[in-house]
1. Measure off 7 Å from each Cα along the Cα-to-Cβ vector at Asn202 and Glu72, then give the distance between these two points in nanometres to one decimal.
2. Any idea what Rg and Dmax come out to for the stretch 551-695 if you just take the C-alpha atoms, in Å?
3. Of the listed peptides 135-145, 400-410, what is their order by residue-averaged count of other C-beta atoms within 10 Å, with the highest listed first?
4. Based on the Cβ-Cβ distance from Gln458 to Arg359, what FRET efficiency comes out when R0 is 41 Å, to the nearest 0.05?
5. Grab the beta carbon distance between Arg515 and Arg148, set R0 = 56 Å, and tell me the FRET efficiency rounded to 0.05.
6. To the nearest 500 deg cm²/dmol, what mean residue ellipticity at 222 nm is calculated for the chain from DSSP H runs of n ≥ 4 alone, each contributing -39,500 (n - 2.57), summed and divided by the residues?
7. Full-extension gain between Glu630 and Leu730, please, as 0.36 nm times their residue separation minus the C-alpha to C-alpha distance.
8. A 24 angstrom limit on the alpha carbon distance is what I want to check against. Which of Lys9/Lys623; Lys60/Lys616; Lys152/Lys173; Lys196/Lys574 exceed it?
Amino acid sequence: MPPPKDVVKIAIQMVGAIPQLIELQQVRPSTPKPLPVRTPEPGSWPPSRLQTKPLASVLKDVCDAWSLPNAEHYALQYADGRQTYITESNRREIKNGSILRLTTSPDQEAERLYSGIQSNNVDVKTDSLKKLASLSQDITFAQEFINRNGLKLIFSIVEEGKGTGEMLAHTLKAFTELMEHDFVSWETLSAAFIRKIVSYVNMTAMDASVQQLSLSILENMVPTSRFLFELVKKEVTLDRLLTHLQVTNTQLQLKAMALLIALLLAATDSERRDMMDYLREKNIRQFIHKNIIHSSEPLGDEMAHYLYVLQSVSLNLCERRMRTSMDPYSQEQRELLHSLRQAAFESESEAPASSERRRSLCAKDFRKLGFMNNSNPAEDLCRTPPGLLALDNMVYFSKHTPNAYSRFILENSSREDKHECPFARSSIQLTLILCEILHVGEPCSETAQAFYPMFFGQDHFFEELFCICIQLVNKTWKEMRATQEDFDKVLQVVREQITRTLALKPTSLELFKTRVNVLNYSEILKLRQTERLHQEETLAAPVLELRERLKPELLELIRQQRLLHLCQGTLFRKISTRRRQDKLWFCRLSPNRKVLHYGDLEEGVPPPPIESLPEKIPVADMKMLLVGKECPHTKEKSSGKQNKDVLELAFSIVYDVEEYCLNFIAPTRYEFCLWTDGLNVLLGKEMTSERTQTDLDILLSMELKLRLLDLENISIPDIPPPVPKPPSSLNFCYEFSPAEQ
C-alpha cells in the first residue's frame, strides 16, 4: 500500500556523517483527529507514522541520531538551489526524494554574521558580508538578521565609508536582498545613506559592480515615495545616466536604463515631458541606437523591455494633444490653421481685398486643403482623438517638407472635385490610424519587449512617420483612382500597407519608406486575392470533409510539438507588485514527460541541464490549470490597477492538494499559448489557446495543398458523382485460357 500523500521520504546530510533517510509529514493539521485502533495490514503504513510531528521534534530526532546536543541550534535547509531554510510554514513544499542538509539555525547564523561584520579583521568582515549577501535571500534568515538591528550595521558601513571594493559590493548586495522581503520601508533610509549611494553612481572612478548595485538600489527607491523620487531625480542627473549608457559594460547600461525608466514612470506628466525634452536635446536616441541597439553584444530581454517602455513613454507624450479638441477662440491654434493655407496659397493671398472677399477666398482655400467644413475648418478638428495632434502633424508636414506639401495640395486642386484626395480629412484620419497602430495613450505593459529600432534613429519619429504615410495616402488614392465615396476604402488599404510593413521591423524610416511604397495597391490586391482563393478552396464540401479526417492526426502532431517545447524549457521572469524584477527562473518537462523541473537562474546563463534544477512536481500530482484572473498571483495584486497584459500572460498549476500552486508569467503570448496547451495535454484535456487553432489551420492548409496538388485547375464538385446502377445480370464470366498468354 503506497504512503499517504502528505508523507514524504527525504534524505538529510551533514558534513562528515552518514546521511539519514527519514519520513516526514509535510503539514500539521490544525484540528487533529484520533486515529481508529486497528491492526495494520501487511505492507501498510502504521498509524503512528501518520501522526504529525512538529519540526522541532524532527530536528531533535535527527540530532540524536548523530549525537548532537542543543537541537534548537540547528535547522534543515535544502542542499541544492537557493538553500532555503525549512520552517513549519514551508514544510509542505518539500517534495518526495528531496535532499536536505542539517545546518546552523537562522537565529544562530544571524548572530554569528552580526558579530563577524563588526570584526576588526578585514578578511573575517568581508567573508561575513559575502555569506550575508547569500543567506539574505531566505526570508527566515532575513527576518532574524533584521530583528537584531542588522540593517544598522550595513548603514554604518556605507555611511562611514568603511567599505571599499569587494567588501562594499557584498554590503550593497546584502542590503538589496534584505530590502527585497519588504520588512523595512524604503522611506526609513537616512539622508546620509542615500547621499552615499548617489555618490557611488556619480563617481567616475568606481568599481562597476558597486555602481550596478547602487543604481539598482536607487531604482527600487524611486517608485516608493514622492520624496525619494525627487531626491534621486535631483542628485542623479540625466547627464550622468547618459554617461552610463555609453559604457561598454552591458550590465551597467542595463541598470542605468532601469533607473532612467523608473524616474520617467514615477514622474508627473509635466516632469516627464521636461525630462524627455532634455533627453532629446542630449540625443539620447543616438546613444541608444549606437551603443545599445547596434552594440556587438546581443540585446537581452530586460533591455528590450526598457527600450519598449521608453518608446511607449515617448509616444504617449502625444496623448495630451491627441485628446484635446481645437478651440476656435484660441489665437495660437487659429494661426496654426491659417499657416497651412498660407504655405499652400501664399502668392494667391497676397493681393489686398475686402473682408467679404477675404472670407470667400479663405473658404475656397480651405476647401482645396480638404476640410469638410470650409467656412469653419476648426470644427473638423473638434473630434478627439486625434484632436490637435492632427493639426500638429499637418503643420509639421507643411514646414519640414514644403515641396511635398505644395505638390500634394496643388496636384489635387487640379483634379475634378470627385477625384481629389482631401488633404485635411486624410491627415485627421491617418493620425488616428497611427495612434491606434502605435498604441498612443495606452499604459505600458510590464512584460512587452516589442519596440521599433527605427524609432531610436529619428528625433521626431511620429511626425516623420506621418510625413511618409500622408504621401502614401495620395499615392494609393491615385492607384485606386478613388473618388470621395472611396475615402474609407483608401484608408483601409493604407492601414494594411502600414501594418504589414511595420511587421517586417524595418531598422530605419528610409527602409520603411522604401518597403511601404513597394507594397502598392496592386500588391495588396494580390495578397488579398491569394488569401481569398485559399479560403474559398478550403470551404468546398469535399475539402471540409477531408479537413475533418485530417484533424485528429494533425492535432496529435501539435500535442507532441507542445510537449517537446516544454521539454526544451522556458525562462520566466518574477514580477512583484513593486517593480519589474531582474530575477529569473527556468522550468522544463523531463524527457519521459513525468516530472516538471524548475529552479532560479541568473541573467545571461544558458538553459541549465535538468539535473541542476532543484525543484520538481510530478505530473501525476497536477490537478488543474488556472489562467488569467483565476490565478492566485494575480489576485494578490487586487489592491492596485490590474495590468491587462499581465493578466493575459498569467497561468498557474495546482498540484497535490489545492493549496499548492506554481505560478507563471509568460514572457510572450506565444509562450503562454504553448505552455498552457502543453500543460492541458499533460492533464488529458483539450488544447484551448488561439495558437492551437492557428497552427492547426497552417498544417491543414499545407496538408490540403499537398493532397490536392494533382487537382490543380480542376473544379471540385460540391457533391460526389452518382454511383452507377448495378448491372441487370451479374452472371458474367471470362474464360482465360493459357493459350492467350
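FYI, it's all coordinate maths here, none of it is from the lab. Just so we're clear, the structure is a prediction, and the values are computed from it rather than from any experiment. Neighbour counts are summed over all protein chains in view; Cβ atoms, including those assigned to glycine, are modelled from backbone coordinates with ideal geometry.
1. Here the answer is 5.0 nm between the modelled labels.
2. 15.0, 46
3. Values: 135-145: 22.1, 400-410: 16.0.
Put in order of decreasing packing, that is 135-145, 400-410.
4. Working: r = 40 Å, r/R0 = 0.98.
That gives a FRET efficiency of 0.55.
5. Details: r = 64 Å, r/R0 = 1.14.
Between Arg515 and Arg148 the formula returns 0.30.
6. On the way: 30 runs with 375 residues, N = 741.
One gets -16000 deg cm²/dmol as the mean residue ellipticity at 222 nm.
7. Numbers: separation 100, 0.36 × 100 = 36.00 nm, distance 6.87 nm.
So the extension gain works out to 29.1 nm.
8. Numbers: Lys9/Lys623 22 Å; Lys60/Lys616 28 Å; Lys152/Lys173 15 Å; Lys196/Lys574 29 Å.
Over 24 Å Cα-Cα: Lys60/Lys616; Lys196/Lys574.
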